[in-house]
Each structure stands twice: as C-alpha cells, then as structure tokens.
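First up is the structure itself, then whatever we jot down about it.
The values are calculated or read from the model by the stated rules, or taken from the named source; none is laboratory data. These figures come from a predicted structure and were not determined experimentally. Glycine also receives a Cβ, built like all others from the backbone with ideal geometry; neighbour counts cover every protein chain displayed. To get the accessible areas, we keep the full protein, side chains included, count just its heavy atoms, and leave off ligands, DNA and RNA. Shrake-Rupley method; radii C 1.70, N 1.55, O 1.52, S 1.80 Å.
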Amino acid sequence: MELLATAGPALMEALALILQPQQIGFLVCGVLLGLVIGVFPGLGGIAGLSLVLPFMFGMDPVAGLALMIGLIAVVPTSDTFSSVLLGIPGSAASQATVLDGFPLAKRGEAGRALAAAFVSSLFGGLFGALVLTTMIFFARPLILAFNIPAMLAVTLLGLSMVAILAGRIPLKGIVAAGLGLLAGTIGLGGPGGSPRMSTYDTPYLLEGFSLVIVGLGIFAIPEIVSLLRQDRAISKSGTLGRGWLDGLRDWTRNIWLSVKCSGIGVMVGMIPGLGGTVVDWIAYGYTVQSAKDKSQFGKGDIRGVIGPESSNNAKEGGGLVPTLVFGIPGSASMAVFIGGLALLGYEAGPHMVRNNLDVTYTIVWSLALANVVGAGLCIFLANPIARLTTIRFTLLAPFLFMMIAFAAFQARQSLGDLVALMVIGLIGIFLRRFDFSRAAFLIGFVLSSQAEAYASQFYQIASSRMRQGGFEGVLDYVGTPLVFGILVLTVASVWIGLKQGKHVYGNDSTPVGAKRAPVIFMLAITLYVAVSVWNATTIGFAGDKVFPLTVGTVTLVGCSLLLLRMRRAAEDDAIFADNEQGGEDGAAPHGLWATLGWFAGLLALSALFGFIIALAIFLLAFFRVRAQVSWERTLLLSASAITLICVLAGSLGRDFPPGLLQQFVDLPWPLT
Amino acid sequence: MILKSMRRWVGAAACLAATTALAGTASAEVNLSGKTVEFVIPFSESGGTARWANFMAPFLSEHLPGNPTVVVRYRPGAGSVSGANWFQEQDTADGTLIFGTSGSTQFPYLLGDPRVRYEYNDWKVLLVSGTGGVAYLPPETAAMMNGLDASGLRGQNFIWGVQSATGLDLVPNLAWQMLGLNVESVLGMEGRGDGRLMFERGEANIDYQTSSAYIKSVQPMVDSGMAVPIMAWGALDDDGNIVRDPTFPDIPTFKEVCDATPDCATEGLTWDAWVTLFTAGFPANKMLFLPGTASQEMVDTYTKALQEIFARDDFWAVASGELGVYPQMTGAAAQAAFRLGTQVKPEAREFVVNWLKESYGVVLE
C-alpha cells in the first residue's frame, strides 16, 4: 500500500501543523466550550457545533478543525458530571453511566466515580484516535460488510441488553422495553408516514418524542423529585468520602474492561446508521455480563461507570471513520461536522483522505490532544464540582428544573415540549416506584425507530430476493458469517441475562405492601398497550402497521401474564413492589404530588406568562416557601438562576417558551 | 466627574442616533445594524438544507447593510411541513426573519398534502437555487443498454433505497416507471447517502445522487469501474426546455434516454407530471423567503446583498463543492423559477396522487 508509506510522514506533518500556538489556542477554546456544553444536561455536541459553525468560513483549516474536534471530543467527557452527580444523563451518550454513577454519588463517592469516569474517557478517546489513524485506510471493506441484515442483528443485540437490565422479574423488563418501543413509534411512521397514536389535529404528537425529553423525563425527573422529597443532600452522609485517587486506582484495576469497552465503542461508532446512542448501553450490558460478582450493579459498582465511559469517548474516533471514508455521517453531530468541513473548504470523503492526508491527520491529533486536555481539566475540577452533592438538594433542585425545562424546550421550541417532559416524567416516576426497569424502557425507545427501519428494509429486500432467487437468494443475502456471529452473541447475551439478571438488582428487596397501587398502574399500562394495538390495526399502509402491531401484541401478552400473576400472588410477592411502601421514598417528609405540583406550577405559569416570568415567580416562591431561606438569599439565588439561563440562551441564540401573555403584548427578549 | 463623562456619552449617543436617523430618511435605506436576523429552516441540524443555511449565514451577515448577526434556527417536523406552517403565520416585516425551504417543502404543497397550511404565493421570494441529479448502474447492468435505448434493462430486477414515497425520490421513481424498468423501492432511508451505501454494498443495483454528492462520492466509483452513469435529470434553459446539465455535459438527459427508448413518451400527461416534479425538485431545489408582510424595499436590500455574495470569487471557490455550479437566481429570474417550482397543472397533480396510491398505497386526501 503506497498510502501507508505516506501515512507516517503525513502523521508527523500533521503534528507539526497542530503544534502551533494559534492552533492549540483554538483547540483549547473548543475543549472549554465542549466542557461547558457537556456539563449542561440535554445539550449535546450538536448545540455546541452549531454555535461555532458561523465562524468557520475563512478560518485557517487546521484551526477550524481543532476548534470543532476539540468541542466534539470532550462532550462525552464532561457530560459525566451531571450523570454522576445529579442522576441526569448529560447527553444521550452517557445515559448508562447514570445507573451506577449516581448511586456512587449518593454514597458520597462522587469524586471517585468522576475520576474513574474521566480516566476511562481519556483512555477511550485516545484509543479511538489510534484506531482512526489506521482505520481510515482499512475500514472500507469492514463498513461495507455491515449490510442491512447485519445492522438489524446489531440492533437486536442492543435490545438483548434488556434481559440483564430487567431487574427481579424479567417479564416486567419485557413490558418496560415494549412500552419504550411503542413510545418510539408514536408519530408519523418512518417507512410510509402514516400517523400512529396521533392525528393531524395533534401536531405535537405527529413528530414523535425527542430522545432528550424522554431521557430527561425517565431518568432525571424521578430522581429530582425523589431527592427533593427527602430534603437532604445527594450524598447521604453529606460529605465526600473517597476521592479521586481511588478512582484512578479503580481504573487501573479494570484496565482490560476499559480496553474492551473502548473497542466496543469504536466498533459501534464506526457503523453508519447505528448511531452513538446505543453504545453506552451495549458497553454497560457487556460490563455486567462479564463481571463475576454482579451484586453491586445498579447500586454503585465502579465498573458500571468505567465501561460506558470508555466506550462513549472511543465512539467519536469510530464515528469519524465513516465520516472520512465515505463522507457519510456516523451520527447527527458528525453531520454538522461535515457541514463545518465544507465551510473550511474540504469535502469529507475518500477524496480528502487521499489528497489532504496531513489535514486529515490533524483531526486525529486534535482528537487525541482534546481528550488529554479535556480529561485533565475534568479530573482537576472533579473534587470541587463534586461538592455539589453535599449541598442541600432543595437549593439545587430549582436550578435543575430550570435547566431540564430549557433543554427539553430545545427539542421543538414549543410549550408542548414542557408538557411532554412532565408527562414522561410522570411515567418515569411510576416506573421507578413500581420497580420497572427504566433502563429497559429507554433502550426500547432509543432502538425503536432503527429496529423498525432495518426490519422493514430487510423484509422488503428479502421478499424481493425471494421472488427472484427463491429461498436460496434470501439465504445468500442473510447467511453471512458476520450476521451469524452477531446473532450468536445476541442469543448468548439473552441467555446470560435471563440466568443472571435476577442477581443484578435482586439483593435489596424493594418494599411491598398494598396491592391496589401496583395493580392500578399495571391496568393503566395494559390499557395503553391495548389502545396502541387497536390503533395499529387501523393503519392502512402495511409498512407502518406491522412493527407497532407486533411489538404491541407481545407487550400485551406480557401485561396479561403479569396481571394474571398479580391475581394469584400474595400481597408480599415481589411483583407488588412499591417504593412508596417503605424505604427512602416511603419515609420522605414531603409528598409526591405536592413536590410534583411545584413543577406543574412552573409549567402552568409558563403557559400563561412565558418561561422567564414564570421562572421568576417559581424561583421566588420555591426558595421562600419550600426551601424556607431568607428573603436576601431567595432574591440572590433567583437572580443568579435567571442570569445563568439568559446568558446560556443568549450565547446559543435560543428563545424561551412564550405564553398566553406574549400573544397580546410584545415584550423584549428574554421575555418573549 | 463621572456624571460629566456620562453626560458626554449620552450626548454623543443622541448625536449619533440623530445622524443615523437623518441618514436613514435621506437615502431611505434599510439598516439592520445591531439586529439579529433569524434564518429559519424547517429541518434539523443534520440535513442538507442546514448545511446550505449555515454556509450562507456568514455571507449574509457580511453583505447585509449594517452587518446584522445572522443565526440559523431549526424548526424541524413532519418533513418540513411544520416549520412552513409556522412561517405562514409570521408577520415580521423588519427584515429580521428569513425562511429557507427545499424541494421537500414544495412536494407536499404541490401534491395537496392534508397537513399543509402554508401558501407559497403569500411569501416574498429572494433566492432560488438549483441542483441536478445523476442516475447510475453497476457496469454489467449498464452494458445492457443499447446506446441510449434503455429497453434492454427491462428484464432486470432492480432494487433501490428511497427516503420517502412523497419526497424528492418521486422524480427518479417516475422516471424508472416511464422507462418500463422493474424497480422495487426499499423505503425508509434517512438520506440519499444511505441509498448510495446500499448500492456500494451490492444490496441495491440502481441509484441516483444529487450533483454535489455525485461528484464527490460517485465519481470515484465511476473512475474505478464500480459504477456507470446512465442519465442525468438535466437542467432548464431560459425558455423552460430541458437541456443537458452544465455540470455533466457528457451525460445524456433522461429526456434523451426516454426519446430513444420505445414506449417512453416525452409528451402527454405522464411526461408533464414528470417535468413538473423535476422542476419543483431540482432547478428550484432551495428557496429563500421573506414573510409576505415585508416591503419591496426590504426585498431589494436582500437581493442586492445576495447578488454581492454571488459576485465574490472566493465565495465560488468554496461554494462550487457545496452548491454545485448551478445558477443562484435572484430578482426576476428568481420570480420565474419560483413560479415554475410552485405551480402544477391539476391533471398532473391528480396523476401523481393516483400513481402514489396505486404503487405505494400512500393516500393523500
């Protein structure tokens, strides 16, 4: 390969290009911006990239690349802060980190969890950069080997993670995943555009729910509400126990896990069309399956942090492979990155790798350097920021409500976003209360549209082959070693999951009590699923009908079996798990509905007066009445919160939700 | 001391304001200084229209009077129908709101999609820019063509990846049908790039790409003997005739191929429908609008800024890869292209709606 002979010198040239004070300056700028964007929950790399895109034209290409790559590379590093400290997924790539990271923070080991996460991120990021260096020459056949059946198989592999995350009763996990899949089908169908569980009169539902809102609703709202009810700091002891040195040690002990999960991250990131949103789940599933002692997962096992965090940074290096080799974005942020490249005068694709190898390699170096700078800064900041977990949560909660409402509003910029957040948050609260796996729900939701798309495309191609070449034609198409290998992995994953999943979250028993509440919730779910199935039968276009119908029917069977078991079981059966019957939630000084009422109040006020005015009223009332702090502190905290949100929205060029008032009166920004 | 200097500042500011106001009335020119222009597109951050808008925004900022900040805002949903419905209700007349659309916004409008609540004729068009498209085959299949006569392909079973039945892919789909090819559509691609990957993986055996994607991704395949272009959709000349695409002067147009192929007519209802869809989707692929309430003065200001941008050499050095070498039409040319792209004969519309229903089961009522 003559290309290889040029690769070494080009790599060195690229290093010389990037090691200029100006380029390093832009890289650090990108890193800082990425860190800030990542820290705020719900704002991913796309928001950050859109911010710098207007400045790209006319910039020095290397500086522009350094700025963009610096930004993309560190978002999955700093998004760990909110995942671990607050239990809020910082971005789609660190949803799985919440599962063990947040319990660690509650134990007062936030510093340790963060340090382990950042070292893992650093390692994953460097691993990704290394793979990218060589893979841009060899990846072509590998990526082309992933045909539609193979991608469908990988999607199934992702869904098989439900088995290990299902919790004590596997059937509940299946129902939760089924609900997630069904939630993902709401709106205009992917293949044919028929409305599902929505009509043209409900325009909001037509577009379906965005991942940001579902992620925040399912994970963040239940945790915030639960903590708020208990009125204490996140760290139970109120102090920071083990620090970041322990985290480093944890990582060195699990270095192989980090290597393997980085490999998973690169691989999944490299396949265009799979997207980065599953990568952390697959890595988490693998981490749990491969661990000997599974008893601590979900309660604060450091390996549950190391696995996903290694993979989600490695994925960016992997995602750049198809972006550069084919000019096809591996994820949405890569799509924006391609746009930025065009402004710099380069067209991502084989042409660029062949003719501008030195510039291409500055991407690799930027990626590596950004990971080092980003992770270094994060480790440095870990302990001070981890102190957030020792603050009385009631003072933190209004800021969080404000942030997630703002993040949710970015989805569609309609008041409907806030309503959706509230409704899904409520579902999340109940799933948590009755011990349904929220992770399973989210995996179902994330994979829903691609499971449907690949299944439908596979079916279309297979039936066309059937008509032409008969059964053999189909077999030729499907029976590749790759597809077979992934399917074997999938079966193994389900098998291990079913055999051992019980032990993962099974040790501490959720309190059980009265039958009534769990049964009512179960009936409500069953009703929704039944309506979905009925709705699916009314769809005319087969392509939009089959998937919700199949998933709905399976879920309905699961629901019926659960209801049947509920009828027979005694009151103390695990199936009647209800967190309100004891434990932390049961003993909380504040009620669920009163606490949720605060958030509903913010929503209602927003609908009337617009977000900023509503926020001001909400903050003043909350700090004064609920948190009972002095008027001075109330005013100070409220003012700083509003300043923060205005600066953030102003710099991102975003608006706030308007209310009824704004229809009658023209107000200046930010009151619009 | 502080008071004194403050007073001086206020005085200076008032003076400045007065001069600006005077200058404003004297030349009656629009000045957007200190304002923020929102460039709204009805798509998400990851699409081609987003690339186009983000590409144009900094240039607009530089060439509009007063150098306003131009920010791109995204209002995705329902394949751009939601955003266009939103724009229909806007009445911002001070030039701080512009709206960019693509062929995907025109098609639902032309076909009478029930979700469409917008009316193109209410808006003020500023810019219409086009693109082209090239269809290609694997070499062994392409060899079955007899010169321009495509009837040799009729015995083949073709598969190709399609984004949605009612989108831009309608144009090639109708072309396959007119040539009598047996092409099965695999619906649900997220972009044309996915369709191209299917072709590269051997899962699809016919495909087309728009011009810039063809040049940068398909041309290398053609050079290495993995694909052969069979026809381009062509371009419109000043009289509205379909001629060879200036970007691909060596590739015959669909019209030429159709003429040379038995049972493919370049007149009549089907052909009219194809031309209408082609015109809406390709020569008028991207459009830029001001709300209907904007004054002619504002339209002129924007037109002037756009013309200045297109007159820049360094713009084209970068833009040719991004936008292709297609005309960027402003002023009267934009008006003409706009009319071609947003009008459809009722018979042609009815034909397409029926054809969609029969071939795809897609009902537009």
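For the range B:66-125, which whole-number percentage of the solvent-accessible area (1.4 Å probe, protein heavy atoms only) is attributable to carbon and sulfur atoms?
Answer for the range B:66-125 is 41 percent, counting heavy atoms of protein chains only.
Using every Cα-Cα pair within the protein assembly as shown, state what percent have a distance larger than 44 Å.
Working: 183814 of 537166 pairs.
Of the Cα pairs, 34 percent sit more than 44 Å apart.
At 1.4 Å probe size, put A:M68, A:M466, A:M267 in order of accessible surface, largest to smallest.
Values: A:M68 0, A:M466 95, A:M267 70 Å².
So, going from the largest accessible area down, we get A:M466, A:M267, A:M68.
How many angstrom lie between the C-alpha centres of the range A:600-672 and the range A:44-111?
Each part reduced to its Cα centre gives a spacing of 26 Å.
Cα atoms only: what Rg and Dmax, in Å, come out for the range A:592-664?
13.1, 36
Given an 8 Å cut-off on Cα distances and at least 6 residues of separation, report the relative contact order of the range A:592-664 as a percent.
So the answer I get is 42 percent.
Probe of 1.4 angstrom, ligands and nucleic acids ignored: what's the accessible area per residue over the protein assembly as shown, in square angstrom?
Result: 37 Å² per residue.
Rg/Rh for the range B:133-281 to two decimals, with Rh computed the Kirkwood way over all alpha-carbon pairs.
Rounded to two decimals, Rg/Rh equals 0.92.
Return the residues of the range B:62-84 for which accessible area with all protein chains present is lower than in the chain on its own by 50 Å² or more; set the probe to 1.4 Å and exclude ligands, DNA and RNA.
Residues shielded by partner chains are B:R73.
By DSSP, what percent of the beta bridges with both residues in the protein assembly as shown are antiparallel, rounded to the nearest 5?
So the antiparallel bridges in the protein assembly as shown amount to around 65 percent.
Which of the peptides A:157-169, A:525-537, B:344-356 is most tightly packed, and how do the rest follow, judged by the mean count of other Cβ atoms within 10 Å per residue? Don't skip to the end; give the middle numbers.
Details: A:157-169: 24.9, A:525-537: 17.8, B:344-356: 16.3.
Put in order of decreasing packing, that is A:157-169, A:525-537, B:344-356.
Mean separation of Cα pairs under 8 Å and 6+ residues apart, divided by the residue count of chain A: what relative contact order is that in percent?
The normalised contact order for chain A reaches 22 percent.
Applying the Karplus parametrisation 6.51 cos²θ - 1.76 cosθ + 1.60 with θ = phi - 60° to the phi angles of the range B:346-363, what ³J(HN,Hα) value in whole Hz is obtained for each residue in order, glycine and proline being reported as x?
x, 5, 5, 4, 4, 4, 5, 4, 5, 5, 4, 5, 5, 7, 10, x, 8, 9
Within 10 Å of each Cβ in B:186-198, how many Cβ atoms from other chains are there, averaged over the peptide? Before the final figure, lay out each step's value.
Numbers: counts 9, 12, 14, 3, 7, 4, 0, 9, 6, 0, 3, 10, 4.
So the per-residue partner count for this stretch is 6.
Please give the net charge around B:V128, taking every other residue with its beta carbon less than 15 angstrom from that of B:V128, where Lys and Arg add +1 and Asp and Glu add -1.
That sum, taken over residues with Cβ under 15 Å, equals +2.
Distance between the C-alpha centers of the range A:240-316 and the range B:71-129? Whole Å please.
Here the two parts' Cα centres lie 44 Å apart.
Most mobile of B:V183, B:V275, B:V318 per a Gaussian network model of chain B (Cα springs, under 10 Å)?
So, out of B:V183, B:V275, B:V318, the one fluctuating most is B:V318.
Over both sides of the A-B contact, add up the buried accessible area with a 1.4 Å probe and give it to the nearest 100 Å². Intermediate results must be reported in sequence, preceding the final value.
Details: alone 25620 and 16640 Å², together 38410 Å².
Accessible area lost upon association: around 3900 Å².
How big is D, in µm² s⁻¹, for chain B by Stokes-Einstein at 20 °C and 1.002 mPa s if Rh is the Kirkwood radius over C-alpha pairs? Could the numbers behind the result be given before it?
Values: Rh = 22.1 Å.
It diffuses with D of about 97 µm²/s by this estimate.
A:K260: which lysines have alpha carbons under 27 Å from its alpha carbon, excluding same-chain residues fewer than 8 sequence positions away?
A:K292, A:K294, A:K299, A:K315, A:K499, A:K502
Just tell me how shielded A:318-328 is by partners: mean number of partner chain Cβ atoms within 10 Å of each residue's Cβ, no decimals.
2
Over the residues of the range A:512-581, compute the C-alpha Rg and express it relative to 2.2 N^0.38 Å.
Dividing the Cα Rg of the range A:512-581 by 2.2 N^0.38 Å gives 1.35.
Residues of B:214-221, mean number of Cβ from any other protein chain within 10 Å of their own Cβ, rounded to a whole number? Write down the numbers at each step before the final one.
On the way: counts 0, 3, 7, 8, 0, 1, 4, 1.
Mean partner shielding for this stretch: 3.
Summing -39500 (n - 2.57) over the DSSP H runs of n ≥ 4 in the protein assembly as shown and dividing by its residue number, what mean residue ellipticity at 222 nm do you reach, to the nearest 500 deg cm²/dmol?
That comes out to -20500 deg cm²/dmol.
With the full set of protein chains in place, find how many percent of the accessible area of chain A is carbon and sulfur; take the probe as 1.4 Å.
Heavy-atom surface of chain A belonging to carbon and sulfur, 1.4 Å probe: 69 percent.
If the cut-off is 29 Å between C-alpha atoms, which lysines fall inside it for B:K304, apart from same-chain ones fewer than 8 positions away?
Hits, sequence-local ones excluded: B:K35, B:K124, B:K286.
How would you order A:178-185, A:256-263 from highest to lowest mean count of nearby Cβ atoms within 10 Å?
Result, highest mean first: A:178-185, A:256-263.
Which loop trypsin sites (Lys or Arg not before Pro) in the range B:55-149, with loop taken from DSSP, have no more than 16 other Cβ atoms within 10 angstrom of their Cβ?
Those that pass, being in a loop and sparsely packed, are B:R117.
List every residue whose amide H lies under 5 Å from the amide H of B:I159, counting only residues 5 or more places away in sequence or on a different chain, with H placed 1.01 Å from N in the peptide plane.
Here B:E184, B:N205, B:I206 satisfy the definition.
Normalised by the residues of chain B, what does the relative contact order come to in percent, with Cα pairs under 8 Å and at least six apart?
Numbers: 622 pairs, mean separation 85.7, N = 365.
It rounds to 23 percent for chain B.
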